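One structure is given below, encoded as structure tokens.
No lab work stands behind these numbers, since they all come straight from the coordinates. This one's a predicted model, so the numbers in the text were calculated from it and none came from an experiment. Cβ placement follows ideal geometry from the backbone for every residue including glycine, while neighbour counts extend to all protein chains displayed.
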């Protein structure tokens, strides 16, 4: 999950102009596991979708009486 959070954070920071251009980053999470005393790499493609802020959702605003 933290891999996805960092991906979203970097995308938002770039969109807001808080950071400059960076090299293209991979959406592949690489992890390692041990099986029979041998390390093997496990790759997972993670594509994060940024959600809107909760205050921008009408149902949330009604439920918590936010104007």
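Structure notes:
- Filtered residues of segment 19-41 (kept if on the phi < 0 side of the Ramachandran plot and exposed (fewer than 10 other Cβ atoms within 10 Å of the Cβ)): 20, 21, 22, 23, 24, 32, 33, 34, 35, 38, 39, 41
- Taken over segment 30-67, residues that are in a loop (DSSP other than H, G, I, E, B) and over 15 Å from the mean Cα position of the chain (by Cα) amount to 7.
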